Amino acid sequence: MGMDLFADQHQQARARVAPLAVRMRPRTLDEFVGQEHFIGEGKLLRRMLQADRLSSAIFYGPPGTGKTTLAHIIAERTQAAFEQIHAAAVGVKEVRQIIERAKARVEADGQRTIIFIDELHRFNKAQQDVLLDDVESGVIILIGATTENPFFSVNSPLVSRSQIFQFEPLAADHIVALMKRALADEDRGLGRYHASLTTEALEHLAISSDGDARRALTALEIAVLSQASSGSTEAITIDLETAQDSIQRKAIRYDKLGDEHYDAASALIKSMRGSDPDAAVYWLARMLEAGEDPRFVARRIAICASEDIGNADPMALVLANAAFQVTLQIGMPECQLVLAQAVTYLACAPKSNAAAEAIWQAARDVREGETVPVPKHLRSGGTGKLAGGPAYQSPHDSAEGFVKQEYLGVDKKYYEPSNRGHEAVMREYLARLEQGQK
């Protein structure tokens, strides 16, 4: 009893000095914020927890999105034993010891063990392989948390035995809710300081935290404590300037749902279209620094690659797609490097909207004109030949790789390659075919 009291006193002392983000860590599913796509009512992980039928899982996502918090919530509500380790601090020996304890529990009373491994990607192959047999047999339930894509950083056999839950950056309204909760909580939070934030300060911290709750709460604690006088009971108001100083980031005028959002996106596209890499990278920086979702920017870049460059430089779309995929994998701040490479490449590439004009015109004819039937010799199953029409001729049977035959049935020309970049080569090729040359 005395030892328990002594341990409780130590735990309370640690809690008093813990950062706000640790003290305000949600303790129940109802307090948990974000990740509604798998923890919301009726969603997979919530149903698994309510039934206490959790299987091995990998929590994958950026920092501050609730991976460790959710693991602690699971530890509080599960009937399984719970063991927590950090991958950078243990080796194979320690992992084997945990597995032996897990086996002993199963043999003693059938209790299973959850092993939560933070930063799972830091385990080498040998360490990960130690877990395989016991994960598969059900002796242990693995919960691995990682900021790295598990399909690249975790052994395939371990991934195949685990359910992947991808954590998304928290939305600004999630961050605002967490900060308001911390301001009101007198026990674990900052309620005793009677602090409030102006709307501008609250929005700035929410946006500048880039979906990271830990970063937002740390900045909030700095803002409040820096303004609080020792022993004072007067209310504190945190303004925008204090918020900027607390998170070390200037507020940028930018409404993500209003005109500035669309104006900046328009300026980015038009700068790339206008072959001005300096302007394009400025608007890119303006959007990212203001907290714009980098995935939105990556989508704009991909559209520009096809609409404004097209076949004048086919590599533009390849690079834009690569930038989009890498952005999904690594997020901010590193993905700004990838986006900058794509933006400057597109700005310097030859321009053509010939492919875009072709589909726009063809789509208009499909919507507004008469429906063009498929020529008989192009129909599937040889129906054209059975109907007595001309037989289809394969270009591969020609020495030139080209056979003059009807493909549309009406006299229309949609694609007009420009004389710029690779389209000049395509234009020349089509002209040779038109003239009957090789």
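The values are calculated or read from the model by the stated rules, or taken from the named source; none is laboratory data. Quick caveat, the model's predicted, so the values are computed rather than measured. Cβ coordinates were reconstructed from backbone atoms using ideal geometry, including for glycine residues, and neighbour counts include every protein chain displayed.
Ala108 satisfies every condition listed in (1) among the hydrophobic types (A, V, I, L, M, F, W, C); (2) out of contact with any Phe, Trp or Tyr (no Cβ under 7 Å at 6 or more places or on another chain); (3) surrounded by 13 or more Cβ atoms within 10 Å (Cβ to Cβ) except (3).
In segment 300-322, the residues that are without any contact (Cβ under 8 Å) to a residue 12 or more places away in the chain form no Cβ pair under 6 Å with any partner that is crowded, with 22+ Cβ neighbours inside 10 Å, whether six or more places apart or across chains. Residues that are under 18 Å from Leu268 (Cβ atoms) number at least 3 in the following helices (runs of 4 or more DSSP H) confined to segment 315-386: 315-330, 335-348. Here Phe82, Phe59 are screened, and the one residue that is assigned to a strand (DSSP E or B) and at pLDDT below 90 is Phe82. Collect the residues in segment 205-242 that are under 33 Å from the mean Cα position of the chain (by Cα), outside any loop (DSSP other than H, G, I, E, B) and over 26 Å from Thr68 (Cβ atoms), keeping them in residue-number order. Of everything in segment 205-242, those that are under 33 Å from the mean Cα position of the chain (by Cα), outside any loop (DSSP other than H, G, I, E, B) and over 26 Å from Thr68 (Cβ atoms) turn out to be Ile238, Leu240, Glu241, Thr242. For segment 171-207, enumerate the residues that are within 30 Å of Arg286 (Cβ to Cβ) and in contact with a Phe, Trp or Tyr (Cβ under 9 Å, 6 or more places away or on another chain). The one that is within 30 Å of Arg286 (Cβ to Cβ) and in contact with a Phe, Trp or Tyr (Cβ under 9 Å, 6 or more places away or on another chain): Ile207. Take the conditions (1) modelled with pLDDT of 90 or more; (2) surrounded by 20 or more Cβ atoms within 10 Å (Cβ to Cβ); (3) closer than 27 Å to Pro62 by Cα; Met272 misses just one of them, which is (3). List the residue pairs whose Cβ atoms are under 7 Å apart, where the first residue sits in segment 419-438 and is part of a loop (DSSP other than H, G, I, E, B), the second is among the acidic types (Asp, Glu) and exposed (fewer than 13 other Cβ atoms within 10 Å of the Cβ), and the two are 6 or more positions apart or on different chains. From residues that are part of a loop (DSSP other than H, G, I, E, B), the pairs are Lys438/Glu400.
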